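What follows is a short report on a single structure.
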Amino acid sequence: MKLVFLGPPGAGKGTQAKRIAETYHIAHISTGDMLRAEMRAGTELGLAAKSLIEAGKLVPDDVIISMIESRIKQDDCRNGFLFDGFPRTVAQADALSGLCDIDYVVNIEVPSERLIHRACGRRICPECGASYHIDFYSGENCKECGAKLRQRDDDKEETVWNRIKVYEEQTAPLIAYYTERDKIVTVNGDQEIDDVTADIGKALK
Ligand code: AMP
């Protein structure tokens, strides 16, 4: 199974992607997580990406595409994979179509007025990557590994606005792109987490 998860910042892509990848035993490939790992490791790529990410801008297509090319060759991708946050532009989608055939593109819809609240209230674990929302968990430490939770720099309100604008201009056209190719399934992301997961499961059956 090869899946793409599409949706604006704050739609819950990461949370749902993790669950669905576990259910289907496929690799969860988050380009955002890969870039944050590069930043933490202080690599050249990480340093170059940092200012773009913190401004809510996209990292150049060629950088992302070569990251994906080598990632999908790894062993854990043999069973399939789920892309979370990739592709984000038509150029990336075109490059992806040259690499493999995608089974479904899951488009998670959330009304735009909810996105700021959802993204700004997110807290992540810098150690294991677990993600929480202050509406549902008020603790300061990660439930999985105990590390202190923090807000991503790009989840500050001003940056989230930029990310939404970039999504609308550069990523939303992929909905039409994949609709034309008969790949899109649309799910209402403005529900309880378990209900969204159940709807995605039904859509993929
Ligand atoms: P995410 O964790 O998916 O919200 O990604 C965080 C940030 O990483 C984005 O706002 C972009 O700056 C960058 N990024 C992640 N994936 C991509 C991608 N496919 N193309 C370009 N930039 C990306």
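The values are calculated or read from the model by the stated rules, or taken from the named source; none is laboratory data. None of these values were measured; they are calculated from a predicted model. As a convention, Cβ positions derive from the backbone with ideal geometry for all residues, glycine included, and neighbour counts pool all protein chains shown. Just so you know, the surface numbers come from the protein's heavy atoms only, side chains and all, with ligands and any DNA or RNA stripped out. Shrake-Rupley method; radii C 1.70, N 1.55, O 1.52, S 1.80 Å.
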How many residues, within the stretch 27-71, are β-branched (V, I, T) and touching a strand residue (DSSP E or B) at 6+ places or on another chain (Cβ under 6 Å)? 1
Selection within the stretch 44-60 - near the ligand (Cβ under 7 Å from one of its atoms) and open to solvent by 40 Å² or more (accessible area, probe 1.4 Å): L52, K57, L58
When every residue in the stretch 62-89 that is in a helix (DSSP H, G or I) and more than 16 Å from the chain's Cα centre (by Cα) is compared, the one nearest to the ligand (Cβ to nearest atom) is V63
Looking at the stretch 1-43 only, could you name the residues that are of a type in the set (F, W, Y) and either surrounded by 21 or more Cβ atoms within 10 Å (Cβ to Cβ) or within 10 Å of the ligand (Cβ to nearest atom) (or both)? F5
Matching residues, the stretch 97-117, being of a type in the set (S, T, Y) and loosely packed, with under 15 Cβ neighbours inside 10 Å: S97, S112
Check on V59, assigned to a loop (DSSP other than H, G, I, E, B) and under 19 Å from R163 (Cβ atoms): yes
Checked against (1) within 14 Å of the ligand (Cβ to nearest atom); (2) within 30 Å of D135 (Cβ to Cβ), Y104 satisfies every condition except (1)
Of the numbered conditions (1) in contact (Cβ under 8 Å) with a residue 40 or more places away in the chain; (2) within 14 Å of the ligand (Cβ to nearest atom); (3) not basic (K, R), L99 fails exactly one; give the number of that condition. (1)
State which residue is least open to solvent (accessible area, probe 1.4 Å) when the search covers only the stretch 172-205 and only residues that are modelled with pLDDT of 95 or more and of a type in the set (K, R). K183
May I ask you to list pairs of residues, at least six apart or on different chains, whose Cβ atoms are under 8 Å apart, with the first in the stretch 47-58 being farther than 14 Å from R152 by Cα and in contact (Cβ under 8 Å) with a residue 40 or more places away in the chain and the second being near the ligand (Cβ under 6 Å from one of its atoms) and among the basic types (K, R)? L58/R88
Quick one: in the stretch 120-150, of everything that is open to solvent by less than 20 Å² (accessible area, probe 1.4 Å) and under 28 Å from M1 (Cβ atoms), which residue is modelled with the lowest pLDDT? A130
